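The values are calculated or read from the model by the stated rules, or taken from the named source; none is laboratory data. Given the structure is predicted, the values throughout are model-derived calculations rather than measurements. Cβ placement follows ideal geometry from the backbone for every residue including glycine, while neighbour counts extend to all protein chains displayed. Just the protein is used for accessible areas: all its heavy atoms, side chains included, with ligands, DNA and RNA removed. Shrake-Rupley method; radii C 1.70, N 1.55, O 1.52, S 1.80 Å.
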Amino acid sequence: QQCADGGGEESEREGEEARARAAGGEEGDREAPETPLFEKRTRSFAIGQDIQPKRNLSRFVKWPKYVRLQRQRKILTMRLKVPPSIAQFTRTLDKNLTTQLFRMLNKYRPEDRAAKKERLTKMAESKAAGGSTDSKKPILIKYGLNHVVDLVEQKKALLVVIAHDVDPIELVLWLPALCHKMDVPYCIVKSKGRLGEVVNKKKATALAFTGVRPDDKHEFAKLLEAVRGNYNDRYNEIRKSWGGGIMGIKSQHRSDMQAKALAVEEAKRMQA
């Protein structure tokens, strides 16, 4: 019996030692290595400690009045029904045609003051020396609303380019109708700032081509054909198309839920 008791004590002792070794091994496995690849660096965001992460605070910013006005105007033009004469200015030229158009516009940019002064100085020097002066006017883009209107009325304009964001819009509201009546191709592009950059101004409401060089005639004819197809040929369709009437996301969801409920009721009525 004593032997049996001694054997039991020894086995218990061995079991405890094995459990201790196993526990020590697990703890050793859980310990991070001394030089890991990615060390954990706990940050503290208390006062004077680590820099706070950047958060999007735009909802809490009091934006300038002009920003609020332009955002409200955009939302209003989306919500309210917009007459066709105003809504047509949202139908701007697509990206590929716009790229081609501005490439052509940049070839015929008007001279700035320095270039004009240099050209006139050379002409004066040539004239003073008794040489011949080239009095032929260069082919350039025409700008200025009154000037462009005169060219359209005289049918001298080959293509009229109108900005989509003129303010007040009444300045150019009637220009597409005039171009259609006089059978002058026109297009609407973004934006008055980009048109102004072409003619060395801050803004420009409308530009007009009165001619192109012989090497550009083929490309210009293709551009005119595309513009006519998008605007002049579709004028009657555009002048009947109202804009706006797009409700907010909450109103759209509410309308969808009401439509679904009506559909369910109709289905029940049909089954009955």
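Full extension of the chain segment joining K65 with D216 gains 49.8 nm, where the gain is 0.36 nm per residue of separation less the Cα-Cα distance.
Taking all protein chains together, H147, H253, H218 sort by accessible area into H218, H253, H147, largest first [probe 1.4 Å].
With both labels modelled 7 Å from their Cα along Cα-to-Cβ, the E16 to A267 distance reads 7.2 nm.
Note on segment 28-117: Kirkwood hydrodynamic radius from all Cα pairs is 21.5 Å, rounded to one decimal. Assuming R0 = 51 Å, can you tell me the calculated FRET efficiency for the pair L37 and M257, based on Cβ-Cβ distance, to the nearest 0.05? About 0.45, to the nearest 0.05. Projection of the Cα convex hull of the chain, averaged over all directions and equal to a quarter of that hull's surface, yields 42.0 nm². I need the calculated FRET efficiency for the pair K136 and Q52, taking r as the beta carbon distance and R₀ as 45 Å, to the nearest 0.05. So the FRET efficiency works out to roughly 0.10.
Ranked from largest to smallest solvent-accessible area, with a 1.4 Å probe on the protein heavy atoms, K202, K260, K156 come out as K202, K260, K156. Only lysine pairs 8 or more places apart or on separate chains count here, and in segment 91-135 those with Cα atoms under 30 Å apart total 7.
With q set to 0.11, 0.15, 0.16, 0.22 Å⁻¹, the log10 of I(q)/I(0) for segment 173-272, from the Debye formula over equal scatterers at the Cα positions, is -0.60, -0.82, -0.88, -1.23.
Per residue, the chain reaches -16000 deg cm²/dmol at 222 nm when only DSSP H runs of four or more residues are counted, each adding -39500 (n - 2.57). Taking every lysine pair in segment 171-254 that is 8 or more places apart or spans two chains, those with Cα atoms closer than 28 Å amount to 22. When the alpha carbon gyration tensor of segment 76-141 is reduced to an equivalent ellipsoid, its three semi-axes come out at 46, 13, 10 angstrom, largest first. Expressed in Å, the radius of gyration and Dmax of the Cα atoms of segment 33-174 are 28.7, 93. For L76 and K250, a Förster radius of 25 Å and the Cβ-Cβ distance give a FRET efficiency of 0.90, rounded to the nearest 0.05. Among the protein heavy atoms of the chain, carbon and sulfur supply 53% of the accessible surface, probe 1.4 Å, non-protein parts ignored.
P(r) for segment 131-172, from all Cα pairs and a bin width of 10 Å, is 21, 43, 21, 11, 3, 0 %, short bins first.
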